[in-house]
1. Of the residues Gly388, Gly380, Gly405, Gly357, which is at positive phi, surrounded by 19 or more Cβ atoms within 10 Å (Cβ to Cβ) and not aromatic (Phe, Trp, Tyr)?
2. Is it the case, given these coordinates, that Glu284 is closer than 30 Å to Ala234 by Cα and either open to solvent by 10 Å² or more (accessible area, probe 1.4 Å) or touching a residue at least 24 places away in the same chain (Cβ under 8 Å) (or both)?
3. Output the number of residues of region 50-81 satisfying the condition of being out of contact with any strand residue (DSSP E or B) (no Cβ under 8 Å at 6 or more places or on another chain), open to solvent by less than 40 Å² (accessible area, probe 1.4 Å) and free of Cβ contacts under 8 Å to residues at least 40 places away in the same chain.
4. Would a scan of region 346-354 turn up a residue that is more than 14 Å from the ligand (Cβ to nearest atom), in a helix (DSSP H, G or I), within 28 Å of Leu236 (Cα to Cα) and open to solvent by 40 Å² or more (accessible area, probe 1.4 Å)?
5. Within region 300-322, restricting attention to residues that are open to solvent by 10 Å² or more (accessible area, probe 1.4 Å) and touching a Lys or Arg at 6+ places or on another chain (Cβ under 9 Å), which residue is modelled with the highest pLDDT?
6. Restricting attention to region 160-181, which residues are open to solvent by 60 Å² or more (accessible area, probe 1.4 Å) and more than 27 Å from Glu110 (Cα to Cα)?
7. Determine if region 225-235 includes at least one residue that is in a loop (DSSP other than H, G, I, E, B), under 15 Å from the mean Cα position of the chain (by Cα), at pLDDT 95 or above and crowded, with 17+ Cβ neighbours inside 10 Å.
8. Looking at region 300-319, which of its residues are more than 12 Å from the ligand (Cβ to nearest atom), in contact with a Pro (Cβ under 8 Å, 6 or more places away or on another chain) and not in a loop (DSSP other than H, G, I, E, B)?
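The values are calculated or read from the model by the stated rules, or taken from the named source; none is laboratory data. Only a predicted model underlies this, so the values are computations on that prediction, with no experimental measurement involved. No Cβ is skipped: glycine too gets one built from the backbone with ideal geometry, and neighbour counts run over all protein chains shown. Heads up: the accessible areas ignore ligands, DNA and RNA and are worked out on the full protein's heavy atoms, side chains in. Shrake-Rupley method; radii C 1.70, N 1.55, O 1.52, S 1.80 Å.
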Amino acid sequence: MSDLRMSINLVLNNELQSLSAHYPTNNITGTMVQNAAERLERFAPLLAYLFPELEKSQGIIESELLPLTHYSAYASKGGRFWLKGDYALAVAGSVKARGGIHEVLEIVDELSEKYCLMPNNSVIDLLSERALEVLAKYQVTVGSTGNLGMSVGIMAAALGMQATVHMSTEAKEWKKQRLRERGAQVIEHAGDYSQAVEVGRTEALADAFNHFVDDEHSISLFCGYAVAGRRLKAQLEQLQLTVDAAHPLFVYIPCGVGGAPGGIAYGLKEEFGDHVHVFFVEPEDSSCFAVQLQHLDQPGISIYDVGQQNQTEADGLAVPVASQLAVKEMRPRLSGVVVIGEDNLLRNLYLLKVQEGIQIEPSAAASLSGPQAIFDTAEGQQYLQQHGLQEYMHQANHIVWATGGSLMPDSEYQAFWKRGMALDKAYNKA
Ligand SMILES: *Cc1c(COP(=O)(O)O)cnc(C)c1O
């Protein structure tokens with residue numbers, strides 16, 4: 001069927017630098033990521049207290065690495081396939097948990113220093129009447145297509161801070177509703193994601209008691225996301241999976257502004273250097289990171305400048321301009337960007353449920369097309385050849401990052417699932 005949008009294309013990053021020891025240091029350093037990891041650990045007892053669902057993990061929010069054994073699209077490919085289950089991350093239900101929660105905790109650390117809120121050097125001190133009184137005076141503002149708002153909003157509200165989330169038209173109604181239920185203030189904007197962020201930024205910066213979580217520039221967010229790198233390394237070790245020159249690791253992550261996948265990629269490059277190959281995945285009508293890589297002489301270029309419309313069911317990826325912080329960090333590190341036809345999203349969502357029993361949102365489903373870009377495109381084969389990887393592909397590991405979905409209402413999911421099934425039928429007939 002000719003009107004199915006099932007294309008899978010790969011834009012290689014020509015600036016990818018080899019030799020991990022020589023990655024340039026821009027804004028982010030390994031020490032900063034280390035500090036973020038330590039902060040998330042230090043606050044774990046408080047998180048376990050605030051969120052009963054974290055009791056078992058003692059306050060650490062981390063997801064499982066699940067083997068993909070039945071997913072048919074990979075059946076004839078060499079190597080092993082895994083799914084990183086961030087869709088099930090506690091509290092926030094998405095990849096935004098590590099970054100968003102980290103930034104709120106960093107704000108709390110700063111306020112604690114200023115007002116001496118932890119006199120016993122214990123995060124539990126923050127539950128004292130005096131600490132909660134101080135925190136209640138402060139507001140956290142964020143612009144979001146949905147999931148970042150939920151991560152930041154839920155964490156801030158749990159600590160008694162005020163939370164304001166500026167949302168774009170693409171944001172799903174249930175996400176707005178859920179945030180309001182948790183006590184966050186939701187402000188809706190007629191325009192797209194970039195405009196929502198801009199309004200939030202202007203408002204927050206005019207108020208000394210208001211902190212703006214800046215999805216496009218925040219170093220704190222980025223470092224929180226990057227903690228995923230060392231945590232994944234520990235998981236791979238536990239599974240006795242080797243990552244080295246003869247056992248390459250391929251990772252595919254859905255990309256909106258590039259902050260979450262950029263942070264993860266940064267963390268992974270810190271751990272595995274040249275042996276990890278990180279690819280972002282974007283829908284064809286919102287491919288801001290690919291567009292930016294193809295126009296490096298035009299920083300801040302928008303998808304509208306190249307005729308894209310930002311129409312996609314992947315609400316978390318519906319972003320017109322890439323984060324310049326992420327672009328800067330990714331130029332020497334990212335392998336490439338996979339750009340996929342819109343209909344792959346819901347078909348992947350459907351197939352993952354039927355074949356593996358895993359329920360994710362459309363944004364997360366983008367990553368499932370990643371491996372095909374390596375195996376089935378000329379650019380993918382060119383990449384393997386350039387890096388001398390062909391002879392090792394039978395012992396490669398591939399990780400598709402399933403970035404969100406567990407908080408999605410069932411009725412919403414069912415509607416996507418049905419459309420995905422129809423697309424799969426049409427695809428098989430074509
Ligand atoms: C936010 C989000 C992404 C992409 O993260 P960016 O930082 O915007 O690039 C991917 N998947 C899901 C489910 C998200 O919520």
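1. Gly405
2. It is false that Glu284 is closer than 30 Å to Ala234 by Cα and either open to solvent by 10 Å² or more (accessible area, probe 1.4 Å) or touching a residue at least 24 places away in the same chain (Cβ under 8 Å) (or both).
3. Number of matching residues: 2.
4. Yes: region 346-354 contains one or more residues that are more than 14 Å from the ligand (Cβ to nearest atom), in a helix (DSSP H, G or I), within 28 Å of Leu236 (Cα to Cα) and open to solvent by 40 Å² or more (accessible area, probe 1.4 Å).
5. Within region 300-322, the match that is modelled with the highest pLDDT is Glu313.
6. Selection gives Thr169, Glu173, Gln177, Arg178, Glu181.
7. no
8. Of everything in region 300-319, those that are more than 12 Å from the ligand (Cβ to nearest atom), in contact with a Pro (Cβ under 8 Å, 6 or more places away or on another chain) and not in a loop (DSSP other than H, G, I, E, B) turn out to be Ser302, Ile303, Tyr304.
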